[in-house]
Amino acid sequence: MDPLLGDCSLDLLRQRRTWKWTRYPPDVIPAWLAEMDFDLAKPVKDAVRVAIEAGDAGYSRPQPAGFGEAYAAFAAERWGWAPDPGRVFAVPDVMTGIAEVLFGTTPHGSGVVLSPPIYPPFFFRLRLAGRQIIEAPMRRDAEGRYHLDPGAIDAALAQPDAAAYLLCSPHNPTGRVWSRDDLMTVASICARRGVVLLVDEIHAPLALPGARHIPFLSLGLDRDLAQRTFTFTSASKGWNTPGLKCGLAVVAEPEPAAVLRQRWEALLPSHLGVLATIAAFRDGVPWLEAVRAQLDDNRVQLSKLLATHLPSVGYQPPEASFLAWLDCTALNLDDPVAHFLDRARVALNPGLDYGAAGRGFVRLNMGTPPDMLQEILHRMGSSIGAQ
Ligand SMILES: Cc1ncc(COP(=O)(O)O)c(C=O)c1O
């Protein structure tokens, strides 16, 4: 592994006090929650250390100095698109940003359309926010690849209560990176239906070699739709800092910027998270490149390990990020997660949390060193052999 990614020995990882590492007994390998096992990028560590040593841990401000500029420069370099730094807002995290924007733009009790299988808090957090969930499930082709279903999205948005569409781009848990055509189709449906469009691009910095992430706001939207479009991202997946609590809301027009400004008090991020985010986007690219290279290797290794240890499990390597969506239906297990936890001592996420289409699936976190990935697959394979 690249030395930038640090020493990820199991002993060191077990010293972490995060939920991922403390939920299960020490003989369980946690391959569930979406945080990676690599060490933090040095610029991120330095930013937080310097702030703590200076007692600089107070309140942030709604649009922190240098924040929009750091993201705009990163986006320009990576995607050839630079948002206006004045339209980049810090938020506590992506889900809080999404919930607050829904409060500010849609009526209580209205519907939000999602395309499952999808990140579980999209269901439960938005129900807690008093919104109904309307499903427009993705289509799965014969090879097991997922596709957005424009007909299903359009039909869902035609329902009288539907007020918003929430797109995950790149998509968790399938790892899909949407094409320009996919995004344009979503844009035209949302424009025609007159709904609020929320785009979650949290996994975008981790688009892997071969895939090109297209920021939604770079599409050149009609002003009418751009007035109702909010995109969200973060350094928290790419640089592994979700506990530092800082995300970004990015908009292109004054109207959505006004919604964010009005709600600033509910949206104040962690000051340490802001400093870490600026450091990540500005100085953390070498580390990000090391992670992307490792994840690129890991997704290939996972294909080989599955062929050896669990040949009947379906897997399409993700185009972005570190999550593998595994089709375990051919294993005929009543509860695949309970089986792998009990018999393999490996913790995974249950597919059903991602919607009904996730029955028989598990989500595996492969943001881990290759020897750990091998051990995970070895354990899972042995548990099936030993059934
Ligand atoms: C698609 C997606 N959105 C949002 C989040 C959570 O982000 P935050 O902690 O910033 O709310 C995750 C975390 O894994 C995610 O995968």
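The values are calculated or read from the model by the stated rules, or taken from the named source; none is laboratory data. Quantities reported herein were computed from a predicted structural model and do not represent experimental measurements. No Cβ is skipped: glycine too gets one built from the backbone with ideal geometry, and neighbour counts run over all protein chains shown. SASA here: full protein model, heavy atoms, side chains in, ligands and nucleic acids out. Shrake-Rupley method; radii C 1.70, N 1.55, O 1.52, S 1.80 Å.
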Problem set entry | In region 285-339, residue nearest to the chain's Cα centre (by Cα) [restricted to those that are more than 16 Å from the ligand (Cβ to nearest atom) and β-branched (Val, Ile, Thr)] | VAL285
Exercise. Is there a residue being open to solvent by 40 Å² or more (accessible area, probe 1.4 Å) and within 15 Å of PHE122 (Cβ to Cβ) anywhere in region 138-150?
Worked result: no
Exercise. Considering only residues of region 21-37 that are outside any loop (DSSP other than H, G, I, E, B) and without any contact (Cβ under 8 Å) to a residue 60 or more places away in the chain, which is farthest from the ligand (Cβ to nearest atom)?
Worked result: THR22
Exercise. Going by the conditions given, is ALA249 part of a loop (DSSP other than H, G, I, E, B) and within 16 Å of the ligand (Cβ to nearest atom)?
Worked result: no
Seminar exercise, completed: Taking region 226-243 and keeping only residues that are within 16 Å of the ligand (Cβ to nearest atom) and β-branched (Val, Ile, Thr), one is left with THR231, THR233, THR241
For this session: State whether the residues of region 68-75 include one that is under 25 Å from ARG125 (Cβ atoms), under 21 Å from the mean Cα position of the chain (by Cα) and surrounded by 19 or more Cβ atoms within 10 Å (Cβ to Cβ).
Result: yes
Problem set entry | Enumeration of residues in region 156-168 that are touching a strand residue (DSSP E or B) at 6+ places or on another chain (Cβ under 7 Å) and not in a helix (DSSP H, G or I) | GLN159, ASP161, ALA162, ALA163, ALA164, TYR165, LEU166, LEU167, CYS168
For this session: Return a yes/no flag: does region 213-225 have any residue that is at pLDDT 95 or above, within 11 Å of the ligand (Cβ to nearest atom) and open to solvent by less than 10 Å² (accessible area, probe 1.4 Å).
Result: no
Seminar exercise, completed: Residues in region 252-270 that are surrounded by fewer than 24 Cβ atoms within 10 Å (Cβ to Cβ), more than 16 Å from the ligand (Cβ to nearest atom) and part of a helix (DSSP H, G or I) total 9
Exercise. Given the structure, is LEU373 assigned to a strand (DSSP E or B), touching a helix residue (DSSP H, G or I) at 6+ places or on another chain (Cβ under 8 Å) and within 16 Å of MET36 (Cβ to Cβ)?
Worked result: no
Exercise. Given the structure, is ILE202 under 17 Å from ARG78 (Cα atoms), touching a helix residue (DSSP H, G or I) at 6+ places or on another chain (Cβ under 6 Å) and within 12 Å of the ligand (Cβ to nearest atom)?
Worked result: yes
Problem set entry | Verdict on LYS20 being surrounded by fewer than 21 Cβ atoms within 10 Å (Cβ to Cβ) and closer than 19 Å to MET366 by Cβ | yes
Problem set entry | Members of region 295-323 that are open to solvent by less than 20 Å² (accessible area, probe 1.4 Å) and assigned to a strand (DSSP E or B) | ALA320, LEU323
Exercise. Is there a residue in region 169-178 that is assigned to a helix (DSSP H, G or I) and within 16 Å of the ligand (Cβ to nearest atom)?
Worked result: no
For this session: Assess whether ARG345 counts as being of a type in the set (Lys, Arg) and closer than 24 Å to SER234 by Cβ.
Result: no
For this session: For region 185-199, name all the residues that are more than 16 Å from the ligand (Cβ to nearest atom) and either open to solvent by 20 Å² or more (accessible area, probe 1.4 Å) or part of a helix (DSSP H, G or I) (or both).
Result: THR185, ALA187, SER188, ILE189, CYS190, ALA191, ARG192, ARG193, GLY194
Exercise. In this structure, is LEU219 of a type in the set (A, V, I, L, M, F, W, C) and more than 18 Å from the chain's Cα centre (by Cα)?
Worked result: yes
Problem set entry | Restricting region 343-356 to residues that are in contact with a helix residue (DSSP H, G or I) (Cβ under 8 Å, 6 or more places away or on another chain), assigned to a helix (DSSP H, G or I) and open to solvent by 20 Å² or more (accessible area, probe 1.4 Å), the residue that is farthest from LEU373 (Cα to Cα) | LEU352
